[in-house]
Amino acid sequence: MSEKILYSYSALFDTPDKIIHAAKTVAEKGFKKFDVNTPYPVHGMDKAMKLTKSKIGWVTLVFGLTGTLTAVTMMGWMMAVDYPIVIGGKPYFGLPGFGPIMFELSVLFGAVITVVALLMFFLKLPNNSHPVHDTEYMKNVSSDKYGILIEATDPKFNKNEVEALFQELGAEKILPIYFDEEEISFKPKIFDKKFIGFLVIVAAITSLSVYGTMNKVLYMIPFSWMSEQGKSIPQETSKVFKNGSDMLPPVKGTVARGYLPYRFKGQPDKAAELLVNPLLPTEENLALGKTKFNIYCSPCHGYLADGKSRLNGNFPAPPTLHSNKVRNWTDGRIYHVIMEGQNVMPSYAHQLSEKERWAVINYIRVLQRSFNAKESDLL
Amino acid sequence: MSNNEFTQELSVIEGKPSLRSLDEIISKPLDTKPDKKYYIALGVTLTMLTIGAVALAYSFYYGIGLWGNNNPVGWAWPIVNFVFWIGIGHAGTLISAILFLFRQKWRTGIARFAEGMTIFAVITAMIFPIIHTGRPWVAAVYLLPYPSQHSLWVNFYSPLLWDVFAVSTYFTVSFTFWYVGLIPDFASLRDRTKSKVKKIIYSITSLGWRHSNRHWRHYEMVYLILAGLATPLVLSVHTVVSFDFAVAQLPGWHSTIFPPYFVAGAVFSGFAMVQNVLIFIRKIFNYEHIITLDTLEKMNKIILLTGSMVGYAYTMEFFIAWYSGVPTEMFTFVNRAFGDYSWAYWIMFSCNVFIPQLFWFKKIRRTIPIMFVIAVFVNVGMWFERFVITVTSLSRDFLPSSWAYFKPTIVDGALLLGSFGLFFTLVLLFTKSLPVISIAEVKGVVDGSQPSHGEH
């Protein structure tokens, strides 16, 4: 068995006054590598140990401001550069609106990074392999005693002198602290069977759960993007009405808007007599009439309604609409032809709305007049 | 009698207990097996939690149409509960951070517990806005700025988004603060436990803390900094929550008094809740000398103060409504007090404004059963305050043709019950798994624990 390696000499004290005094003396004697351990921070100890004020506040300041800056750049870039949208008439880059989140991120960065810096860089934690752990000394100072220790590596360290000094200061107990043999010779074993096994298990669990979530769970109700909804689907029986449909047939005699049945079926004379054109030949109405005429009538009747069919004899060519007969017809009579067709000409009631029919008629009137223009029309 | 008497600090821990006895009494709940009463209490809270969980599962499966939310009142109970629970959390930070900055030593006995309650309350609160989206598993996608396929970002001008940042920051910072406070206590527990498993757990959680003064030096500074950061943070959180309302144009919401009024209300209800729970804790675990009657009295004073502030806000809202000359605004307030929801308004008003005034009497401030009942009333009243603000304004907005009366459903009720279940389950588990009083801090304020200054 090799000789134990000494880490430090330590002493336990009873009262806060004694420990302050001890710390002061040790510091004055010129020891550098010593430490005081107390169950709670004792007032005035920093001064007694000749410690300066902690500088960790700078970390908070720097990273807090980093948070502010991160927030501004993030929001500014997203709102004003990458995808600018006007929201409520506010400017793309509106500092007042960014205020709350700037503040929150400053606090978040400041607080979290300060704590991380404290633990990792200032205190060098986590560290569970320090020699004082699990010693009688540690067990006392974490409860009700006040301890001081001087490390063996301190240039002024001398076993007997230190012991005498502690005695003189009124120590209740003096304890040497040794390095733990096991901890010193400990080597991390990455290829340890247990560790590898652990990694394999973690990998298996992770991949299984990711697979399960992405491929199974997300396709289950209610996670399945609303694939299942409480609505009626065509071709499926429904429970809403007795007859198994979701909609009832309309009441007998119901007429849809704009689909009033034609009053003068098979009565061209009556139509000629009673139907009155409600549309004025305004520019707008004539434009509408022209469009509709060119689409629906011109293939047979020609663009000028002169009977020059574009159907190349595949369909009997209609007579010209500039005949005296048609010119003397009332608008109502032409309307009747559109509604019912005439001999081989089919009905165009379904293609044209009521307004469009009258507009087409107005346009035919224009064509007729231009073919039979009087001198007065030129003025 | 010398003048010194006035500057002498009163002891905040009664009877000068020895440091080791403090260790013992504080870690006792962790070392002993829970008794029957504990299991009964846990059974009750877990039942409540289960009822809430079932209601939640139903809501996810069938959709949130199961709730009472209707067309004008789209915000109903989920938001009421959210604001209520966030408010409960505020007391913890006030006690741990603001009172720390003001060097109020009496806070040490209750700070850890109050901070714990903050964390649990914020967890409970965060559930509500998220489930209000109906599909919480995709909610994160809508709440956080992340590079999406649509290349669209969240709207940073929306108070709802500010809320996302405020609440999540609040949670993170509170949790960090809490954990930093726990480190030395974990170390003390590590050094006294006899169980092997516990030893490993505490070794990990204490990070190998050594109570070294070279560490305390930085540690204390960080504690101060965190308190300094948490103080404006806690004020900002409820301010931002109030923006959710105040930035909207709805009559009864669009008002500049909201931020301070909400913060005062939050502290008010939070203190009431902390006081309620502490009354049990100190009795059950024999902490009467650490959480003293003086401490409770001081808490009652804060309840009285913030309650009066809230009362002032209620009356001032009426005055401003009248003074503004805006007919819809005036109508809203008359409607609150005398309309369909007047019952809720008067419950709120009497619980929050009239009843806490009893705390003017010292006798009442120091009688435990009475103060307990008053604090219960305060919590009921504060829940109704959020109800009144949210529901009355929405149900009677600018357009009379869209007015509608809001009625909660049984699922709403189950969710509220479940939220209490969750909160108290966490509190109960906390009392048995972590030291509910900060061991290191309490030791530092026991009489005679600090060096006497006689020697210089």
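Computed from protein heavy atoms with a 1.4 Å probe, the total accessible area buried between A and B is close to 6400 Å². For the peptides B:254-261, A:245-252, the ranking by mean Cβ contacts within 10 Å, running from highest to lowest, is B:254-261, A:245-252. For region A:184-313, what does the alpha-carbon gyration tensor say about shape, rounded, prolate or oblate, given a ≥ b ≥ c as the root eigenvalues, a/c under 1.5 as rounded, and a/b over b/c as prolate? Here region A:184-313 falls in the prolate category. Going by accessible surface with a 1.4 Å probe and the largest first, A:Leu288, B:Leu152 read B:Leu152, A:Leu288. Note on A:Lys239: lysines with a C-alpha under 23 Å away, same-chain residues under 8 apart excluded, are A:Lys231. Expressed as a whole percent, the accessible surface of the protein assembly as shown that belongs to carbon and sulfur atoms is 65, based on a 1.4 Å probe. Where both bridge residues fall in region A:1-186, DSSP classifies roughly 100% of the beta bridges as antiparallel. Kindly flag which residue pairs out of B:Lys37/B:Lys432; A:Lys145/B:Lys16; B:Lys37/B:Lys196; B:Lys199/B:Lys432; A:Lys32/A:Lys53; A:Lys24/A:Lys55 have an alpha-carbon separation exceeding 20 Å in this structure. In this structure, B:Lys37/B:Lys196; A:Lys24/A:Lys55 exceed 20 Å between Cα atoms. Using Cα positions and a limit of under 19 Å, work out the aspartates and glutamates in reach of A:Lys29, with same-chain residues fewer than 8 apart set aside. Candidates past the 8-residue exclusion: A:Asp17, A:Asp46, A:Glu151, A:Asp154, A:Glu161, A:Glu163, A:Glu168. Among A:152-164, B:381-393, B:68-80, sorting by the average number of other beta carbon atoms lying within 10 angstrom of each residue, highest first, gives B:381-393, B:68-80, A:152-164.
The calculated 222 nm mean residue ellipticity attributable to helices in chain A amounts to -12500 deg cm²/dmol, summing -39500 (n - 2.57) over DSSP H runs of n ≥ 4 and dividing by all residues. Over all pairs of different C-alpha atoms in region B:352-400, the reciprocal of the mean inverse distance, the Kirkwood hydrodynamic radius, equals 12.5 Å. Give, to the nearest whole percent, the P(r) tail of region B:107-249 beyond 22 angstrom, counting all Cα pairs. For region B:107-249, the share of Cα pairs beyond 22 Å comes to 55 percent. With an a/c value of 1.5 or above and a/b not larger than b/c for the gyration tensor axes a ≥ b ≥ c computed over the alpha-carbon atoms, region A:302-379 is described as oblate. Based on protein heavy atoms only, region A:250-379 ends up with 68 Å² per residue of surface accessible to a 1.4 Å probe. Think of region A:1-186 as a dipole: +1 on every Lys or Arg Cβ, -1 on every Asp or Glu Cβ, centred on the Cα centre; then among A:Val81, A:Tyr9, A:Phe122, A:Val81 lies furthest on the positive end.
Considering only B:Gln104, B:Ala266, B:Ala248, and ranking their Cα positions along the charge dipole of chain B that arises from unit charges at the beta-carbon of Lys, Arg, Asp and Glu, the one farthest toward the positive end is B:Gln104. What value in Å³ per residue do you get for the convex hull of the alpha-carbon atoms in region B:175-214? It is 65 Å³ per residue.
Taking the Cβ of A:Tyr303 as the center, what net charge do the other residues with Cβ under 14 Å away carry, scoring Lys and Arg +1 and Asp and Glu -1? Counting the neighbours of A:Tyr303, the net charge comes to +3. Among the trypsin sites (Lys or Arg not before Pro) within region B:171-228, those in coil by DSSP and having at most 11 neighbouring Cβ atoms inside 10 Å are B:Lys194.
Could you tell me which of rounded, prolate or oblate describes region B:331-427, using a ≥ b ≥ c as the square roots of the eigenvalues of the alpha-carbon gyration tensor, with rounded for a/c under 1.5 and, failing that, prolate when a/b is larger than b/c and oblate otherwise? Since a/c reaches 1.5 but b/c is at least a/b, the shape of region B:331-427 is classed as oblate.
Separation of the alpha carbons by more than 24 angstrom is noted, of A:Lys4/A:Lys156; B:Lys28/B:Lys298; B:Lys105/B:Lys194; A:Lys33/A:Lys139; A:Lys270/A:Lys325, for B:Lys28/B:Lys298; B:Lys105/B:Lys194. For A:Glu28 and A:Glu136, a Förster radius of 35 Å and the Cβ-Cβ distance give a FRET efficiency of 0.80, rounded to the nearest 0.05.
The values are calculated or read from the model by the stated rules, or taken from the named source; none is laboratory data. These numbers come from a predicted model, not from an experiment. When we count neighbours, we look across all protein chains shown, and the Cβ atoms used for this are built from the backbone with ideal geometry, even at glycine. Surface areas here come from the heavy atoms of the whole protein model, side chains and all, with no ligands, DNA or RNA. Shrake-Rupley method; radii C 1.70, N 1.55, O 1.52, S 1.80 Å.
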